[in-house]
Amino acid sequence: MADYKEKLVKRYWNYQTTNFPEVGVYFDRPHAPDGRPPVFCRHQAGKNVITNPGASQEEIRLLLRFIPMGERHKWFRSMNSSQALAQSVFGNLAIYGYLSHLADLVDESGLPLFGDAKISPENFYMEYKINYLGEPRPTSLDCFISGRHQVAIECKFTESEVGSCSRPRLTPSASNYETDFCNGTYSNQRGRKEKCSLTEIGVLYWKFIPVLFNWQSTKDIFPCPVNKNYQLVRNVLAACVNSVGNISDEKGHVIVIYDERNPAFQSGSKGLISYEETRNALKKPTILRKYSWQSIIKFLRNNYILPWLTEQLNNKYGF
């Protein structure tokens, strides 16, 4: 992982030298020898999204509108940001009318990557909030395609894992530690009535999980299968449950987009293990699919789609 990130950081600073030579204008500090990637200043954060060199102000506005400032992740300004990468790729495809071309993609198991979903700028969203899983604060999906068949897209880049449950990570200093801490098992703990700390506060994950997964909500499970696979499980539920609480394995599926170079998504590593555990636990495994950034960009390049974009993705990220 260290070698992977070191090579990326070196590429970023070379990209900065060519594309943003006035370091003090765009970045929060000059070249850092400590292995830190370039981080844009707050008022220059939008520059982390690749734009058409000939784009009009209206095109730039439409592109940046996909993720308003208030929805940007904490590290959006870093060149390591998977959110900025996703906006660069999917946002540009959307505003220039090429999003529907992704319907031709075939996943790593030979299935149409987007299945029966109808892809267009009109039903494509980024940082899409869902409000039907009973979460106190609805969190967002990286990308979402609405319609009769829904698709949730989880975008990864340099992350070392897919995303775990927050409850086992609570520390004694947290204000909700005594009531909400979980030891990583699906079992009654700390005097709670429910086996899941999140179920105790009304989150509906375990209402729907047994419909789609081979996990029974009535039995103790050691360790909890959702703990390390939290983000993928939640994406599956978001794709297969609709706004009125109906659930079906025909309603949608999830796509994980990852960087082939990232050791976390190579054999025996955390990201790939989580993906495989989650997929193997599904009653219908094809609900969860994966595809690499490299494969998407190769498709764009081979079909001469936005060549300025594929050139800049190569310059910045090495794709």
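Throughout, read-outs are computed from the coordinates displayed, never taken from laboratory work. These numbers come from a predicted model, not from an experiment. A quick note on method: Cβ atoms are made from the backbone with ideal geometry, for glycine too, and the neighbour counts reach across all protein chains shown.
Exposure proxy shown here: for PHE222, PHE208, PHE114, the number of other Cβ atoms within 10 Å sets the order, fewest to most, as PHE222, PHE208, PHE114.
A cut-off under 13 angstrom between Cβ atoms defines the neighbours of LYS251, and their net charge, with Lys, Arg +1 and Asp, Glu -1, is -1.
If a spin label sat at a point 7 angstrom from the Cα of ASN183 along the line to its beta carbon, the backbone N atoms of region 210-246 nearer than 16 Å would be those of 220-225.
From the square roots a ≥ b ≥ c of the eigenvalues of the alpha-carbon gyration tensor of region 44-147, which class results: rounded (a/c under 1.5), prolate (a/b over b/c), or oblate? Oblate, because a/c is 1.5 or more while a/b does not exceed b/c. One quarter of the surface of the convex hull around the alpha-carbon atoms of region 167-212 equals 3.4 nm², the direction-averaged projected area.
Of LYS193, LYS316, LYS284, the sequence from fewest to most neighbouring Cβ atoms within 10 angstrom is LYS193, LYS284, LYS316. Taking every DSSP helix (H) stretch of at least 4 residues in the chain, weighting each as -39,500 (n - 2.57) and dividing the sum by the residue count yields a mean residue ellipticity at 222 nm of -8500 deg cm²/dmol. Neighbour counts of other Cβ atoms within 10 Å put THR51, THR179 in the fewest-to-most order THR179, THR51.
The Rg/Rh ratio for region 172-310 is 1.06, where Rg is the radius of gyration of the alpha carbons and Rh is the Kirkwood radius.
The DSSP beta bridges internal to the chain are antiparallel in roughly 55% of cases. Across region 95-214, the volume of the C-alpha convex hull divided among the residues equals 169 Å³ per residue.
Extension gain, GLN57 to ASN14, is 12.8 nm, computed as 0.36 nm per intervening residue step minus the present C-alpha separation. Normalised by residue number, the volume inside the convex hull of the Cα atoms of the chain is 147 Å³ per residue.
The alpha carbon radius of gyration of region 1-77, expressed as a multiple of 2.2 N^0.38 Å, is 1.19.
What residues from region 224-238 fall in the zone where the backbone N is under 12 Å from a label point 7 Å along the Cα-to-C-beta line of SER166? Label zone hits: none.
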